[in-house]
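The values are calculated or read from the model by the stated rules, or taken from the named source; none is laboratory data. Please read all numbers here as calculations on a predicted model, not as lab measurements. Cβ: placed from backbone, ideal geometry, glycine included. Neighbour counts: every protein chain shown. Just so you know, the surface numbers come from the protein's heavy atoms only, side chains and all, with ligands and any DNA or RNA stripped out. Shrake-Rupley method; radii C 1.70, N 1.55, O 1.52, S 1.80 Å.
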Amino acid sequence: MEKPAAEARIQALRNDINRHNHLYYVLDAPQITDAEYDLLMRELLELENRFPELVTPDSPTQRVGAKPLEKFAQVTHRIPMLSLENALTDQDIADFDGRVKRELGMALSAEITYVCEPKMDGVAVELVFENGDFTVGSTRGDGFTGEEITQNLRTIRSIPLRLHTEAPPRLLEIRGEVYLPLDAFRKLNLERQEAGEAQFANPRNAAAGSLRQLDPRITARRPLSIFCYGPGEVAGAGFTSQSEFLATLPQWGLPVNPRAEKVNGVAGILAYYEGIGKDRDSLPYEIDGVVVKVDSLHLQRELGVKSRSPKWAIAWKFPPRQAVTVVEDIITQVGRTGVLTPTALLRPVEVSGVTVSRATLHNWDEMERKDIRIGDTVLIERAGDVIPAVVKVLPEKRTGAERPLPVPSTCPECGSEIVRIPEEVAVRCLGLSCPAQIRETIIHFASRRAMDIEGLGIKYIEQLLRLGLVKNVADLYYLVKDQFMLFERMGDKLAENLLNAIESSKKRELARFIYALGIRHVGEHTAKLLAGSFGSIEHLERATEEELLSVREIGPQVATSIRTFFDNEQNLEVIRRLFAAGVSPSVEEKRVGGRFTGKTFVFTGALTRFTREEAKKLVEGEGGHAAGSVSRKTDFVVAGEEAGSKLEKARELGVKVLTEEEFLEMLK
Ligand code: IVH
């Protein structure tokens, strides 16, 4: 390709990629598959490699370009980043509204228009856009001076490197809150646990820790996001209200919390606070209150600021998610994979409407690092629906009577040997027939997100085990009514309901079934990937580590764990008995109406335009199937350079052979 043509193609690719980034990260409405996105990115990278002089800092390939820093530089904010006064009660809000009207010389009966926004519990940052380009990003710091973290902020996909407008303002300073979504927070902590690293007590600490990395490659691996909520200095654009400001940002590609709302007077604020408070636990991110702002920027200016906070805004905080309590005891719980987890039994304490009496201490490394002892007074935190954790010990409350809990020498449930694997922080029970492991495996299998056997909770599972009616999950499907009737307080109807629930679980989707098996490192998400890629337990069972690794997002640890599971004769026996009892997981309909629905592809030879894994995704994204070997059922063989026996076989069988280009052409 000649340079002018390359230049045009590069521009087209960048526009396309930026649009898809926005659709994916901001609007949560992707229009193409990951594999198609990767193809665009790869083509852009290749062209930029051939013509390095055409690389510009706003190219989507340049998000993680920079080298690690020695230290962060200081940035002085052109306009100080103020903090907010806090309100805790309805009365505080009524007082605030009264003060606003008095300052403005308005009648008390007048009604002010406010904007209510969720108060994100993250890290405040400032983004500077000069003539549309994102040039400098910084933390709030002390409000006057912060740290320059531009290269870390550039890795956040929802921040545009260039504003999506032909006529950007000369200067646009935007304030916003960087946060880590709750599911990413949970995943990060799991990974850190496995790597033997300290866990974050809450998503805010995790976001702050991620932004404070001197090496932007680490930040890039954390799926941080941002909501923009206020202007700093602006030149070349004008707004008359906060609501207008919030409505304009998304048009420029800047994300705004969709829950922000214009309301009237105190009554409007109260209703908003109540509504969002109800949703607090189901939001995918942590919020710690509501920020109330006078909508009109003209009135905001008239009201002005106090020393550290504006007079036109207030933060109405939710009850804190943290509380101080006492560790009354530390017990050891044995999970379904045999991992021993120290768990603190707490003096019950209310944390934002929920009584908390336990907190996870994660593992012994973590417990020793935080020096948590029985009898300690501790600060605990409950983030969203995440299991409560101990943030820190309050050492000043110690009396000297506190005592640490050493690593047990044997399993507290079955007395088996314990191992502490050097490269893992986990302490594990080696007992193959450890009753705790069996119990937890069955509880997990029957749970709502797995096989969803309604009514079969911990109580019944414990009775089944005690009576010796069940030794593994397959036994559940061989139970008869009379056996249930042996239970305490069991009636005809209840027993029938349980049997019906077991019966109807036989047809759960494949992904649930895979998740229910409780394979180490295979959570719901991974189970979905596996179900999508292999389509049946038989295929999954036979997959080699290499084939498992070709599934996107599946790494060596997970692949090994899956192989180990299916190499175990006991596990295979349980699966055989499950199937013999009539369990037959259903396969979700593949995307119908795709261009390749019902078609089977085989890729062979050295591929240059895409990897095998990408090819597979492309085919599956269109409803087709990618197979490993050529047969009469194969519809197309896509042959790269030096294709050998598979190509020969295709010719023999008269299967249509395509070049990589022809294959891509079919996708256009
Ligand atoms: S407005 C002058 N809006 O809360 C107005 N702040 O104490 C300044 N925050 O450090 C802030 N969500 O990091 C505003 N929707 C929101 C917010 C928000 C979170 C944080 C912000 C600031 C602190 C205020």
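Please identify the trypsin sites (Lys or Arg not before Pro) of the stretch 170-207 that satisfy two criteria: DSSP loop assignment and at most 13 other Cβ atoms within 10 Å. Which are they?
Hits after loop and neighbour filter: Arg170.
Over the residues of the chain, compute the C-alpha Rg and express it relative to 2.2 N^0.38 Å.
1.12
Calculate the FRET efficiency for Asp567 and Leu499 from the Cβ-Cβ distance with a Förster distance of 41 Å, rounded to the nearest 0.05.
Efficiency, rounded to the nearest 0.05: 0.75.
Assigning unit charges at the beta carbon (Lys, Arg +1; Asp, Glu -1) and nothing else, what dipole magnitude in debye, to the nearest 20, does the stretch 363-441 show about its Cα centre?
240
On the first, second and third principal axes, largest extent first, how far apart are the outermost C-alpha atoms of the stretch 88-191 in Å?
So the three principal-axis extents are 50, 43, 27 Å.
For Lys481, list the aspartates and glutamates whose Cα falls under 18 Å from its own Cα; do not include residues on the same chain fewer than 8 positions away.
The qualifying aspartates and glutamates are Glu454, Glu462, Asp492, Glu496, Glu503.
Under a plain spin-label model, where a point goes 7 Å from the Cα along Cα-to-Cβ, how far apart in nm are Arg520 and Ile458?
Here the answer is 2.5 nm between the modelled labels.
Computed FRET efficiency, Cβ-Cβ of Lys101 and Phe144, R0 30 Å: what is it to the nearest 0.05?
Efficiency computed from Cβ-Cβ geometry: 0.45.
Could you check the simple spin-label distance between Lys392 and Arg358, using points 7 Å along Cα→Cβ, in nm with one decimal?
With each label placed 7 Å out from Cα toward Cβ, I get 2.7 nm.
So which lysines can Lys187 reach, going by Cα to Cα under 18 Å and dropping same-chain residues fewer than 8 places off?
Lys528
Please arrange Trp312, Trp364 by accessible surface area, largest first, computed with a 1.4 Å probe and ligands excluded.
Result, largest first: Trp312, Trp364.
Which entries of Lys101/Lys311; Lys506/Lys599; Lys119/Lys293 have Cα-Cα distances beyond 19 Å here?
Table pairs above 19 Å Cα-Cα are Lys506/Lys599.
How large is ³J(HN,Hα), in whole Hz, for each residue of the stretch 656-664 in order, when computed from phi with the Karplus curve 6.51 cos²θ - 1.76 cosθ + 1.60 and θ = phi - 60°, using x for Gly and Pro?
Karplus values, whole Hz, x for Gly and Pro: 5, 9, 10, 7, 4, 4, 5, 4, 4.
Restricting attention to the chain, give the cysteines that have no other cysteine Cβ less than 4.7 angstrom from their Cβ.
Cys116, Cys228 - these cysteines have no disulfide-compatible partner (Cβ-Cβ under 4.7 Å) in the chain.
Report Rg (one decimal) and Dmax (nearest whole number) for the stretch 280-351, counting Cα atoms only, units Å.
For the stretch 280-351, the Cα-based Rg and Dmax read 21.6, 64 Å.
Per residue of the chain, what 222 nm ellipticity follows from adding -39500 (n - 2.57) for every DSSP H run with n ≥ 4, rounded to the nearest 500?
Helix contribution divided over all residues of the chain: -10500 deg cm²/dmol.
Using 1/(1 + (r/R0)^6) with R0 = 51 angstrom and r between the beta carbons of Lys481 and Ala94, what's the FRET efficiency to the nearest 0.05?
Efficiency, from the Cβ-Cβ distance: 0.25.
In percent, how large is the relative contact order of the chain, given Cα pairs closer than 8 Å and 6 or more residues apart?
For the chain, the relative contact order is 10 percent.
Long-range amide H contacts for Ala626: which residues qualify at under 5 Å (H placed 1.01 Å from N, peptide plane, sequence gap of 5 or more or a different chain)?
Phe601
Using 0.36 nm per residue, how much length does the chain from Leu549 to Thr56 gain when fully extended, once their Cα-Cα distance is taken away?
174.1 nm
Once you compute Rg and the Kirkwood Rh from C-alpha atoms, what is the Rg to Rh ratio for the stretch 216-339?
With Rh from the inverse mean 1/r over Cα pairs, Rg/Rh is 1.10.
Along the Cα→Cβ direction, 7 angstrom out, place labels at Lys507 and Ser83. What is the inter-label distance in nm?
Inter-label distance under the simple model: 5.9 nm.
Quick one: work out Rg over Rh on the C-alpha atoms of the stretch 366-434, Rh as Kirkwood radius.
Using only Cα positions, Rg/Rh for the stretch 366-434 is 1.06.
Can you find, among Val354, Val574, Ala184, the residue sitting farthest towards the positive end of the charge dipole of the chain, where Lys and Arg contribute +1 and Asp and Glu -1 at Cβ?
The residue sitting most towards the positive pole is Val354.
Once the piece of chain linking Lys3 and Glu191 is laid out straight, how much longer is it, given 0.36 nm per residue of separation minus the C-alpha distance between them?
63.2 nm
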